[in-house]
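The structure under discussion appears below in the form of structure tokens.
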Amino acid sequence: MTGAALDDFRAGVRDWCREHVPKDWRPAQTGVPDEEFVAFQKEWFQELRRAGFAVPHWPREWGGGMPVPEQAVLYEELAAHDAPRLVLAFVSIHHAASTLLAAGTDAQRRRHLPAILDGEIWVQGFSEPDAGSDLAALRASARREGDTYVVNGQKCWASGAAHADWCLLLARTDPDAPKRRGISYFLMDMRTPGIDVRPTRQATGESHFCEIFLDDVAVPAANRIGAENAGWRVAQETLGAERGMTMLELAERLGGGFRRLVELCGRTGALDDPLTADRLAALEIELTGLRALCAKLVAADRPGPADASIVKLFYSELLQRITDLGTEAAGLAAHTDLRKPLSSGWESGAWPLDFLASWEWTIPGGTSEIQRTIIGERGLGLPREPREG
Ligand SMILES: Cc1cc2nc3c(=O)[nH]c(=O)nc-3n(C[C@H](O)[C@H](O)[C@H](O)COP(=O)(O)OP(=O)(O)OC[C@H]3O[C@@H](n4cnc5c(N)ncnc54)[C@H](O)[C@@H]3O)c2cc1C
């Protein structure tokens, strides 16, 4: 698409946003019960779907096919018009879809991709106690019995599990094989008997994460994705999906959060303080750097081996710096209001809550320490850290 055609596309998205982005969703979604949040998210997803904006990154045959430059414009405009985020469908449209597209059978794709468009919600059941950064240490087991696997074990930190219909599940199918070679990958229906989901209450007051206890859960062998014991390779597809275009969207959203911070500092008079003005200027420069890094990442045919890690690390630490200043600028009164607009993400404008939540972001998809190791080893070619097994 040429510059002029891209401008036309932008104008169309702007018109659409003006007409369809709900104007009052921030106050209306503040402090609402979970069911209302879920209903709102599902409605917003369908609104985006009707416009062809829900899964622009999917292949055309499945309802996507939007070229990358248009996707970049779409995310810029959605952020500029302060559209709600697709928080609930994040794992479904990124992790589950990319895994199915890369490693699923035709039958699995036909079963699940249209269902995701109709609102099917997924959770990622990878982490376990003692198996987070060292994911290959996972112990949940899947024992084959005829056409079924019987699954036992415990998962933790599963985002959104309480609302999920299906789970991307990793379990050990060969306890005697080397750690990474004995793991299989399953699609597990969350309504199967033997599954117990227990929400974990967070410092922010939300219960976004859950533990999942699995007690003799029967998963049909047809729901295995990839070959038996080859689940580790499939899992890399899932983890890869957390990067790329998702970062482009998040960087644009962070820009929206930063604009709200500048407004706040203007309202409270903090902008008159030269030190605060200086900090804001430094943050804006960093934000410009982040957007440039994201643009480079999504434009690259073959990103460098550490590029995604650089963007994730920089984004998450910048989020901390922005919400840190926001918490300071919002003043003491803000610390007593522990409610935020759901559907907003990590830059909701409820600054103390955003600051707390910003620390979460340095953990999933690989902690900051792990990202630094990847950048050191794969990006800079430094000696590898000692590893076991
Ligand atoms: C917001 C959020 C959402 C999440 N969502 C999901 C989800 O939906 N599904 C899911 O399966 N999991 C999810 N997780 C779990 C997440 O993937 C793990 O928490 C993460 O992999 C870290 O593992 P851990 O908690 O076991 O910490 P550990 O791995 O025990 O790490 C503890 C500390 O040690 C450091 N460390 C560990 N190993 C090394 C090393 N080799 N070198 C240097 N430092 C090291 C870590 O960086 C960290 O600071 C989520 C977590 C968060 C915070």
Against the conditions (1) in a helix (DSSP H, G or I); (2) more than 16 Å from the ligand (Cβ to nearest atom), where does ASN152 fall short? Just the number, please. (1)
Would you please name the residue that is surrounded by the fewest Cβ atoms within 10 Å (Cβ to Cβ), looking only at residues in segment 67-106 that are among the aliphatic types (A, V, I, L, M) and within 16 Å of the ligand (Cβ to nearest atom)? VAL87
Test LYS296 against the stated conditions and say whether it is assigned to a helix (DSSP H, G or I), on the phi < 0 side of the Ramachandran plot, open to solvent by 10 Å² or more (accessible area, probe 1.4 Å) and in contact (Cβ under 8 Å) with a residue 60 or more places away in the chain. no
Given (1) away from the ligand (no atom under 16 Å from the Cβ); (2) in a helix (DSSP H, G or I); (3) more than 28 Å from PRO69 (Cβ to Cβ), THR323 misses just (1)
Between residues in segment 216-228 that are at pLDDT 95 or above and residues that are assigned to a helix (DSSP H, G or I) and not aromatic (Phe, Trp, Tyr), which pairs lie under 7 Å by C-beta distance while being six or more apart or on different chains? ILE225/THR99; ILE225/ALA103; ILE225/GLN108; ILE225/VAL234; GLY226/ALA103; GLY226/ARG233; GLY226/VAL234
Within segment 1-10, can you find the residues that are open to solvent by 90 Å² or more (accessible area, probe 1.4 Å) and assigned to a helix (DSSP H, G or I)? ASP7, ASP8
GLN202 open to solvent by 10 Å² or more (accessible area, probe 1.4 Å) and within 25 Å of TRP44 (Cβ to Cβ): yes
Give me the residue from segment 11-58 that is in a loop (DSSP other than H, G, I, E, B) and open to solvent by less than 30 Å² (accessible area, probe 1.4 Å) and, out of that set, farthest from PRO69 (Cα to Cα). VAL32
Can you pull out the residues in segment 72-114 that are in contact with a Cys (Cβ under 7 Å, 6 or more places away or on another chain) and part of a loop (DSSP other than H, G, I, E, B)? HIS81, ALA83
Residue tally, condition in contact (Cβ under 8 Å) with a residue 12 or more places away in the chain, part of a helix (DSSP H, G or I) and not aliphatic (A, V, I, L, M), over segment 59-70: 3
If we keep just the residues of segment 115-142 that are closer than 20 Å to ALA97 by Cβ, in contact (Cβ under 8 Å) with a residue 60 or more places away in the chain and in a loop (DSSP other than H, G, I, E, B), which is nearest to the ligand (Cβ to nearest atom)? PHE126
Quick check: anything in segment 72-85 in contact with a strand residue (DSSP E or B) (Cβ under 9 Å, 6 or more places away or on another chain) and closer than 30 Å to ALA292 by Cβ? yes
Taking first residues from segment 370-384 that are closer than 13 Å to SER133 by Cα and second residues anywhere that are more than 10 Å from the ligand (Cβ to nearest atom), the pairs with Cβ under 6 Å that are 6 or more apart or on different chains are GLN371/SER309; GLN371/LYS312; GLN371/LEU313; ILE374/ALA306; ILE374/SER309
Does ALA164 meet the test of being more than 22 Å from the chain's Cα centre (by Cα) and aliphatic (A, V, I, L, M)? no
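Results for (1) within 11 Å of the ligand (Cβ to nearest atom); (2) buried (at least 18 other Cβ atoms within 10 Å of the Cβ); (3) among the hydrophobic types (A, V, I, L, M, F, W, C); (4) free of Cβ contacts under 8 Å to residues at least 12 places away in the same chain, shown as yes or no for each residue.
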{"position": "ARG110", "(1), (2), (3), (4)": "no, no, no, yes"}
{"position": "ASP147", "(1), (2), (3), (4)": "no, no, no, no"}
{"position": "THR173", "(1), (2), (3), (4)": "no, yes, no, no"}
{"position": "PRO178", "(1), (2), (3), (4)": "no, no, no, no"}
Looking at ILE322, ILE310, which is the one that is touching a Phe, Trp or Tyr at 6+ places or on another chain (Cβ under 7 Å) and touching a residue at least 40 places away in the same chain (Cβ under 8 Å)? ILE322
Inside segment 334-389, the number of residues satisfying the requirement of being within 14 Å of the ligand (Cβ to nearest atom), under 14 Å from THR204 (Cα atoms) and open to solvent by 60 Å² or more (accessible area, probe 1.4 Å) is 2
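The values are calculated or read from the model by the stated rules, or taken from the named source; none is laboratory data. This structure is a prediction, so every number in the text was calculated from the model and none was measured. Heads up, the Cβs are rebuilt from the backbone with ideal geometry, glycines too, and the neighbour counts pull from every protein chain shown. Keep in mind that these areas ignore ligands, DNA and RNA; they rest on the heavy atoms of the full protein, side chains included. Shrake-Rupley method; radii C 1.70, N 1.55, O 1.52, S 1.80 Å.
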